[in-house]
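Input: a single structure, listed below in structure tokens.
The values are calculated or read from the model by the stated rules, or taken from the named source; none is laboratory data. Here the structure is a predicted model, which is why all the values come from computation and not from measurement. Cβ sites come from the backbone with ideal geometry, for glycine too, and all protein chains shown count toward neighbours.
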Amino acid sequence: MNETNVSLVEQSELFRQVATTNKITNLTINELISIENIKLPTLLCSRMQHLTINQYGQYVQSSIQFILSKSKNDLQYLCSLRARNFHKPMLSIVKTLIESEELLDNYLIKLIDADLYLWW
């Protein structure tokens with residue numbers, strides 16, 4: 001789904017009704033082909049507290065950046081992120097991203113086996 005389609009869906013009355021009434025607090029996204037795959041579910045689940053994504057390849061940084069940029073307003077209940085199949089060299093990149101863009105004030109980040117855990 002491209003950016004235009006996401007915007008059109010967001011503007012629909014049904015989307016707004018579902019987004020304001022659903023009570024989803026835990027979400028797992030199993031297949032992350034592009035950053036677009038994460039936009040719609042995160043916008044739809046505004047009460048989400050915990051998000052798990054299976055990360056494969058090039059979308060790690062942009063996905064985390066998008067999620068954390070939404071955490072102060074659109075995803076205000078979100079407090080943890082787990083990125084599965086995370087590549088260890090990306091850990092310093094994510095830390096730098098969080099610090100340089102001031103995405104989070106207080107956070108804890110850990111890499112356990114091949115999974116990144118981020119709490120705030």
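Only one of GLN49, GLN58, GLN76, GLN17 is at pLDDT 85 or above, within 23 Å of ASP115 (Cα to Cα) and not small (Gly, Ala, Ser); which? Testing whether each residue is at pLDDT 85 or above, within 23 Å of ASP115 (Cα to Cα) and not small (Gly, Ala, Ser) leaves just GLN49.
Selection of the stretch 20-44 for residues being at pLDDT 90 or above and either under 19 Å from LEU118 (Cβ atoms) or among the acidic types (Asp, Glu) (or both) yields THR25, ASN26, LEU27, THR28.
Those residues that are more than 21 Å from ASN26 (Cβ to Cβ) and surrounded by fewer than 18 Cβ atoms within 10 Å (Cβ to Cβ), I need them from the stretch 70-96; list them, please. Residues satisfying the conditions are HIS87, LYS88, PRO89, MET90, LEU91, SER92, ILE93, LYS95, THR96. Number of residues in the stretch 65-101 that are within 11 Å of the chain's Cα centre (by Cα) and touching a residue at least 40 places away in the same chain (Cβ under 8 Å): the value is 3.
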